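Quick notes on the structure that follows.
The values are calculated or read from the model by the stated rules, or taken from the named source; none is laboratory data. All values derive from a computational prediction rather than experimental measurement. For neighbour counting, all protein chains shown are included, and Cβ atoms are generated from backbone atoms with ideal geometry for every residue, glycine included. Only protein heavy atoms, including side chains, enter the accessible area calculation; ligands, DNA and RNA are left aside. Shrake-Rupley method; radii C 1.70, N 1.55, O 1.52, S 1.80 Å.
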Amino acid sequence: NAGVTQTPKFQVLKTGQSMTLQCAQDMNHEYMSWYRQDPGMGLRLIHYSVGAGITDQGEVPNGYNVSRSTTEDFPLRLLSAAPSQTSVYFCASSFGSSYNEQFFGPGTRLTVL
Amino acid sequence: AQSVAQPEDQVNVAEGNPLTVKCTYSVSGNPYLFWYVQYPNRGLQFLLKYITGDNLVKGSYGFEAEFNKSQTSFHLKKPSALVSDSALYFCAVRDRIYNQGGKLIFGQGTELSVKP
């Protein structure tokens, strides 16, 4: 199993550009989520999904969109990039129950100029 | 609202000495509690979790954690630290009520440095 994969690993955008961060998992996990990691702030939840066709907002959803058309994929879209979105983005997945640990991807380091 | 606090930004320990990384939480009801470790330029790796039962939980790489309900704490411990344990450690809490999405709330992280 590849686990949780994310592409790209690094990305530089200009303010106002849009892009999609890709996330895929091959473990048949129902639950998938996106986090951003900023120094001294831990990981903050952006959006999450409890299954195909179901998504919901986390702590910091503004400026981001998600969709979940399949169990495997959970892309994160930046609609109009801003410097405040410079961060490291992690995708994670787990089986449905809340006591199951999440598996994290390797991350995407995004810089917005 | 749920929250997790890791009161120490950094913990310094000599190799071979015991280590403790502190975590306290604030939730309604009884949460699930987790510890994750992050090595430089890597994603987070699961270490251990508390679901129910024995308050002392054992996990990967010789780590353990003690759940204390009265103090709402879940401190991470290891009897003898290794230089290779140097990393960023995160405590996290997840609501038991799954229909709220089972969202994972993280502390801000503690940098553990183990010196030879």
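General observations
- Every residue from the stretch A:97-113 that is more than 7 Å from chain B (Cβ to nearest Cβ) and open to solvent by less than 30 Å² (accessible area, probe 1.4 Å): A:THR108, A:LEU110, A:VAL112
- The condition of being over 10 Å from the mean Cα position of the chain (by Cα), open to solvent by less than 40 Å² (accessible area, probe 1.4 Å), within 14 Å of another protein chain (Cβ to nearest Cβ) and at pLDDT below 95 holds for only one of B:TYR39, B:TYR32, that being B:TYR32.
- Test: residue in the stretch A:8-25 that is within 14 Å of the chain's Cα centre (by Cα) and assigned to a loop (DSSP other than H, G, I, E, B): yes
- Single match in A:VAL4, A:VAL66, A:VAL12 (criterion: within 24 Å of B:CYS91 (Cβ to Cβ) and among the β-branched types (Val, Ile, Thr)): A:VAL4
- Residue within the stretch B:81-100 that is at pLDDT 95 or above, of a type in the set (S, T, N, Q) and either closer than 14 Å to B:LYS22 by Cα or touching a Phe, Trp or Tyr at 6+ places or on another chain (Cβ under 6 Å) (or both) present: no
- Those residues of the stretch A:68-96 which are within 12 Å of chain B (Cβ to nearest Cβ) and either modelled with pLDDT of 95 or more or surrounded by 14 or more Cβ atoms within 10 Å (Cβ to Cβ) (or both), in sequence order: A:VAL88, A:TYR89, A:PHE90, A:CYS91, A:ALA92, A:SER93, A:SER94, A:PHE95
- Contact map, the stretch B:14-35: first residue touching a residue at least 60 places away in the same chain (Cβ under 8 Å) and hydroxyl-bearing (Ser, Thr, Tyr), second residue loosely packed, with under 13 Cβ neighbours inside 10 Å and in a strand (DSSP E or B), Cβ cut-off under 9 Å, separation 6 or more or different chains; pairs are B:TYR25/B:SER3.
- Residue identified as within 29 Å of A:ASP56 (Cα to Cα), open to solvent by less than 40 Å² (accessible area, probe 1.4 Å) and not polar (S, T, N, Q) among B:VAL93, B:VAL57: B:VAL93
- Residue check, A:TYR64 out of contact with any Ser or Thr (no Cβ under 9 Å at 6 or more places or on another chain), in contact (Cβ under 8 Å) with a residue 12 or more places away in the chain, of a type in the set (Ser, Thr, Tyr) and at the interface with another protein chain (Cβ under 10 Å from one of its Cβ atoms): no
- For beta carbons closer than 9 Å, sequence separation of 6+ or different chains, a first residue in the stretch A:12-40 that is within 14 Å of chain B (Cβ to nearest Cβ) and open to solvent by less than 80 Å² (accessible area, probe 1.4 Å) and a second that is part of a strand (DSSP E or B) and among the basic types (Lys, Arg), the qualifying pairs are A:LEU21/A:ARG77; A:TYR35/A:ARG44; A:ARG36/A:ARG44; A:GLN37/A:ARG44; A:ASP38/A:ARG44.
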